[in-house]
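See structure below.
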Amino acid sequence: MIPLSWYLILSGILFSLGVFGFLLKRNIITIFMSIELMLNAVNLSFVAFANYWNTHPGTLPSGAGVLPLSGHIFVFFVMVVAAAEAAVGLAIIISVFRTRETLNVDRVNLLKL
Amino acid sequence: MFIHQFLFVVFGLICVAGAINLLVQRHPINSALSLVVVMASLALIYLLLGAEFVAAIQLIVYAGAIMVLFVFVIMLLNAGAEERSRGSQIALFIGVPGVVVLATTVAWLMGQSANRLGDVSISPSDFGETHAIARLLFRDFLLPFEITSVLILIAIMGAVVLGKKESQ
Amino acid sequence: MTNNLNLNLWVIPLLPLIGAAINGLFGRRFKNAVVNTVALLFTALAFGWALRAVWTLWPGGDTPYVEVLAPWIAAGKFSAPFGFQLDQLSMIMVLVVTGVGFLIHIYSVGYMAHEGGYYRFFAYLNLFMFFMLTLVLANNYLLMFVGWEGVGLASYLLIGFYFLKDSAANAGKKAFIVNRIGDFAFLIGMFLIIQRFGSLTYTDVFSQIAKGNFSAEAGWGFFTITGICLLIGATGKSAQFPLYVWLPDAMEGPTPVSALIHAATMVTAGIYMIARSHAIFNLAPNALVVVAVIGCFTAIFAATMGLAQTDIKRVLAYSTVSQLGYMVLACGVAAYTAGIFHLMTHAFFKALLFLGAGSVIHAVGGEQDMRRMGGLRQKIPVTFWVMTIATFAIAGFPPLSGFFSKDQILGSAFHSSHGGPVLWAVGVLTAGLTSFYMFRLWFMTFFGEYKPGAVDVGEEAHAANAPAHPGHGAASHSHGHADDHAHGHGGVHESPWVMLGPLVVLAVLSIVGGWVGIPQFMGGNNHFEHFLAPVMQSGPAVTGEQAAKAENDSTSAHAGGPSEESAGEEWMLAGASVGAGVFGLFFAWLLYYKRPELPNQITSKMHGIYLLVLHKYYIDESYGAIFVKPLLALSTIVLWRGVDQGVIDGLVNGAGSASKGIGNELRQMQSGNIRSYASWVAVGGAAVIVFMLWWGVK
């Protein structure tokens, strides 16, 4: 009943909002949260396609092991990776904070030429 | 049915509003809480799509663990309100338009093929049920599953090492 | 060409080359005696080998004898070999070059004994011999051109031998550059020959001309244009108008160089080339007219300039230009044998004159200005006598050699169908002038009183004789030529026998050298002309039995004009040229012996004309203004500043600074700012996705 494109547009909007946040915010943690937002948007798109393939079997791309439910499995893996990434990334932020005493990403510019 | 579209629109709007709020807020804790709202509404949208298991783990893992971790770190670092500092010109002048271009392109394309893409619906089947996922996960996708468990192990070790204080 | 002989002609040029290499590479460490042994040995061997080759081939041998060593260029249908040819013409040339060259080598042993760079001199001299022999022995125009260029190079090296002197270095440069102008035209001529005949080998080209049944061109066709191009090449090398300006300046070199290169051998290369190409010229009457006019004009033009010169070598230089004009005139009236005859006799007496002048200069300790000489005949008697013989020879007094050769030229000129009598009259006038200035030299040098330093040599003389190039002060042509030949022997003394010996030999040759060409009307048989007839007969109107025809025909070597001469007419013409010589002698005696105050009176009355002649008609200055200065300006402003600095350096530096600039701009991407990195990533990702969407949707 709901066109697939609506879900995809929502996913796209969320993704671009995540990129905006990544580019415009100065707090490292907020930037990290924007990354999570982007991942969520992508998850939404996976799940939408999984449902779509299920209801319209003709559109399922042929290939080894491509089932409609693969979309959910992929979301599962994305979440696992996101968790690992969040853990490690926050640990890095903590150690950066210890040395630089600031969470402003513009101050963390030791990579300049 | 109409109720589906209504629910979708409502929770979609809540998602977008939460995302925008994430951008707008100056204090990171407010952004974190907005992100929790976004994840919750996304979970509801997953339910609309018949993905029960995914919705559940979205709430449990994402909103309940990862975001809690974020909140804890914010508390630990005592991150205050964002100060105004000279930002990157590039980000403003190049990044933003780039993303705008991308978003509008995708939206326009999606809109174009709205009819072709067809509808999704909740079908009364065992699609998205836990045992179906489990069957897939532990049979066809066993190798990736095991690899991700190793990945988590590495992440734990990395987090512990990075988070340790410098010992004398 | 059915020879079973193997003369190994290639040895003849090779021997002096080996001598040059040994002296050039190792001579610095040798003592003088070793150096001149090497040089003399190889030159003598070359002379001996040439003599043997001539002796073997001449009596009844089949000519031309050609030996091809190896192919040099083979490009499509055109090929040029390393090949040598010996026929009567090159026999004469090779004997003159090696013989006179050998004598001059001996002379140089004495003359250069106290000079620095001894080994270098002999190395260059041998190198010159190598190139000159290549030139005369080559069997195709291309190898001849190699020798042609090579003698130009040797001339440059030897003129600029005292390279520390500005004037000498400039004179060497001038010689080489002016020669190049002629060489350019020579090359054009060669290209025309290639295009028409597909080959440059003499036998190929001339046989094609003979078989082609061409008729003499009326207008300006192929043969005329080719002939004129070759002529311009000859003007450069043989110092004819307008490319003669290098020869007087070439006197900066040591005197043996002037004798060998600028009197006897190198400058005759142009004459040889024209004589060799007679088949082409015979088909182009208009070209022959140009040749004759240029030769005639140069003869009298140079003679007038010789009248006012005070440096003994300069007088001889202008005399050389004038005599070369005679030879060119001879070729221009198609009397090629007369031209070669005069070439040979001129080699003898002009070399003798130069070497004798060198002996005089050596005797007076380096002075070259004739006004500071005088009364030398008792002090250096041997030199005096040989110079006397040479002067009478060049003035055309019988029975010396100059008379026979000059008379043959003037006789042929008179009978030419293109303004013959005019050419003859100018020639006789030039003979009178020649006699006058040569005897002037003779009187000023050997008679009167010896007065070194008594005459105030004025500014005019210095300025007139300085090589005309900008920035040259008046005192540049310093007298005394301290580095030319002053060594404090004290007093005027005769030269050593190593220098006098060659002088005597050349004097003998100047006397008897003309006797091989005594014409028929005087009772001789003109052996010279018979000798050269087989070569000169290969013209367009001749078919098979060339040799027999040549034997019976004594005077038909002229393809230009009518060939009947009455004996009486001939005696009158001969008498006229002798008379001109006597007149010249008389006036010289009058002005420079009997009444020496007359010259000054005459020059002060005709001061303007005198200055004009003294300054060589300001030709050097006008060349400088018309050609040299604009070229220099063009070079400096357009080519150097404009193209080289502006465009080329600009491009290269611009490439460098462009890279620097771009790099500088791109460097700013590395700001260390994470957000800008992120935005670049976003932009890149967006671009890729948009592209893929577009591509897929399409």
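Going by what's in this entry, would residue A:101 be described as within 22 Å of the chain's Cα centre (by Cα), more than 14 Å from chain C (Cβ to nearest Cβ) and within 22 Å of residue B:161 (Cβ to Cβ)? Walk me through it before giving the result.
Values: within 22 Å of the chain's Cα centre (by Cα): no; more than 14 Å from chain C (Cβ to nearest Cβ): yes; within 22 Å of residue B:161 (Cβ to Cβ): yes.
Here the answer is no, as residue A:101 does not meet what is asked.
May I ask you to list pairs of residues, at least six apart or on different chains, whose Cβ atoms are under 6 Å apart, with the first in the stretch B:126-145 being more than 9 Å from every other protein chain (Cβ to nearest Cβ) and the second being modelled with pLDDT of 90 or more and surrounded by 11 or more Cβ atoms within 10 Å (Cβ to Cβ)?
B:130/B:53
Take the stretch C:198-226 and flag every residue that is surrounded by fewer than 18 Cβ atoms within 10 Å (Cβ to Cβ) and over 15 Å from residue C:278 (Cα atoms).
Scanning the stretch C:198-226 gives C:198, C:211, C:212, C:213, C:218, C:219, C:220, C:221.
Search the stretch A:56-95 for residues being at pLDDT below 85 and over 28 Å from residue B:143 (Cβ atoms), and hand back the single one that is nearest to the other protein chains (Cβ to nearest Cβ).
First pass over the stretch A:56-95, keeping only residues at pLDDT below 85: A:56-68.
Applying the additional criterion that residues be over 28 Å from residue B:143 (Cβ atoms) yields A:56, A:58.
Working: A:56: 6, A:58: 10 Å.
Among those that are at pLDDT below 85 and over 28 Å from residue B:143 (Cβ atoms), it is A:56.
Yes or no: the stretch C:55-75 includes at least one residue that is surrounded by 22 or more Cβ atoms within 10 Å (Cβ to Cβ) and more than 30 Å from residue C:195 (Cβ to Cβ).
Looking through the stretch C:55-75, none of the residues is surrounded by 22 or more Cβ atoms within 10 Å (Cβ to Cβ) and more than 30 Å from residue C:195 (Cβ to Cβ).
Got a number for residues in the stretch B:11-58 being in contact with a Gly (Cβ under 6 Å, 6 or more places away or on another chain), more than 7 Å from chain A (Cβ to nearest Cβ) and of a type outside the set (A, V, I, L, M, F, W, C)?
Count: 2.
Which one of these does residue B:129 not meet: (1) surrounded by fewer than 18 Cβ atoms within 10 Å (Cβ to Cβ); (2) modelled with pLDDT of 75 or more; (3) closer than 30 Å to residue A:101 by Cα?
Every listed condition holds for residue B:129 apart from (3).
Somewhere in the stretch B:97-118, is a residue of a type in the set (Ser, Thr, Tyr) and at pLDDT 85 or above? Outline the logic, then answer.
So the first thing to find is which residues in the stretch B:97-118 are of a type in the set (Ser, Thr, Tyr), and the list is B:104-105, B:113.
Filter again for at pLDDT 85 or above, leaving none.
Within the stretch B:97-118 (the criterion being of a type in the set (Ser, Thr, Tyr) and at pLDDT 85 or above), the answer is no, since none of the residues qualifies.
Any idea which of C:68, C:97 is part of a helix (DSSP H, G or I) and of a type outside the set (D, E, K, R)? Give the steps one after another, and end with the answer.
Numbers: C:68 fails: part of a helix (DSSP H, G or I).
Among C:68, C:97, only C:97 is part of a helix (DSSP H, G or I) and of a type outside the set (D, E, K, R).
Which count do you get for residues in the stretch A:8-45 that are in contact with a strand residue (DSSP E or B) (Cβ under 9 Å, 6 or more places away or on another chain) and more than 7 Å from chain B (Cβ to nearest Cβ)?
Total meeting the criteria: 1.
Going by the conditions given, is residue C:298 crowded, with 23+ Cβ neighbours inside 10 Å, at pLDDT below 90 and among the hydroxyl-bearing types (Ser, Thr, Tyr)?
Answer is no for this residue.
Being part of a helix (DSSP H, G or I) and touching a residue at least 60 places away in the same chain (Cβ under 8 Å) is the filter; apply it to the stretch B:35-55 and report the residue that is surrounded by the most Cβ atoms within 10 Å (Cβ to Cβ). Talk me through it step by step, then tell me what you get.
In the first step, residues of the stretch B:35-55 are kept if they are part of a helix (DSSP H, G or I); the result is B:35-48, B:52-55.
Then keep just the ones that are touching a residue at least 60 places away in the same chain (Cβ under 8 Å); that gives B:48, B:52-54.
On the way: B:48: 23, B:52: 17, B:53: 21, B:54: 28.
Among residues in the stretch B:35-55 that are part of a helix (DSSP H, G or I) and touching a residue at least 60 places away in the same chain (Cβ under 8 Å), the one surrounded by the most Cβ atoms within 10 Å (Cβ to Cβ) is B:54.
Say whether the condition of being under 17 Å from residue C:204 (Cβ atoms) and without any contact (Cβ under 8 Å) to a residue 24 or more places away in the chain is met by at least one residue in the stretch C:46-55.
Looking only at the stretch C:46-55, we keep the residues that are under 17 Å from residue C:204 (Cβ atoms), and these are none.
No, that holds for no residue.
Regarding residue C:407, is this residue in the same structural domain as residue C:581 (by TED's automatic domain parsing), in contact with a strand residue (DSSP E or B) (Cβ under 7 Å, 6 or more places away or on another chain) and not hydroxyl-bearing (Ser, Thr, Tyr)? Walk me through how you get there before you give the answer.
Working: in the same structural domain as residue C:581 (by TED's automatic domain parsing): yes; in contact with a strand residue (DSSP E or B) (Cβ under 7 Å, 6 or more places away or on another chain): no; not hydroxyl-bearing (Ser, Thr, Tyr): yes.
Here the answer is no, as residue C:407 does not meet what is asked.
Which residues, counting only those in the stretch C:25-41, are touching a residue at least 60 places away in the same chain (Cβ under 8 Å) and under 27 Å from the mean Cα position of the chain (by Cα)?
C:35, C:36, C:38, C:39, C:40
Residue A:52 versus (1) surrounded by 23 or more Cβ atoms within 10 Å (Cβ to Cβ); (2) closer than 27 Å to residue B:66 by Cα: which is the lone unmet condition?
(2)
Just name the residue that is farthest from the chain's Cα centre (by Cα) out of those in the stretch B:132-168 that are more than 21 Å from residue A:84 (Cβ to Cβ) and surrounded by 15 or more Cβ atoms within 10 Å (Cβ to Cβ). Show your work before the answer.
In the first step, residues of the stretch B:132-168 are kept if they are more than 21 Å from residue A:84 (Cβ to Cβ); the result is B:132, B:134-136, B:139-140, B:165-168.
Subsequent filtering for residues that are surrounded by 15 or more Cβ atoms within 10 Å (Cβ to Cβ) retains B:132, B:136, B:140.
Details: B:132: 23, B:136: 23, B:140: 25 Å.
That would be B:140.
For residue C:151, are the conditions met, namely being under 26 Å from residue C:53 (Cβ atoms), assigned to a helix (DSSP H, G or I), in contact (Cβ under 8 Å) with a residue 40 or more places away in the chain and not basic (Lys, Arg)? Spell out how you get there, then give the answer.
Numbers: under 26 Å from residue C:53 (Cβ atoms): yes; assigned to a helix (DSSP H, G or I): yes; in contact (Cβ under 8 Å) with a residue 40 or more places away in the chain: yes; not basic (Lys, Arg): yes.
Here the answer is yes, as residue C:151 does meet what is asked.
The values are calculated or read from the model by the stated rules, or taken from the named source; none is laboratory data. What you see is a predicted model; the values in this text were computed from it and never measured. A quick note on method: Cβ atoms are made from the backbone with ideal geometry, for glycine too, and the neighbour counts reach across all protein chains shown.
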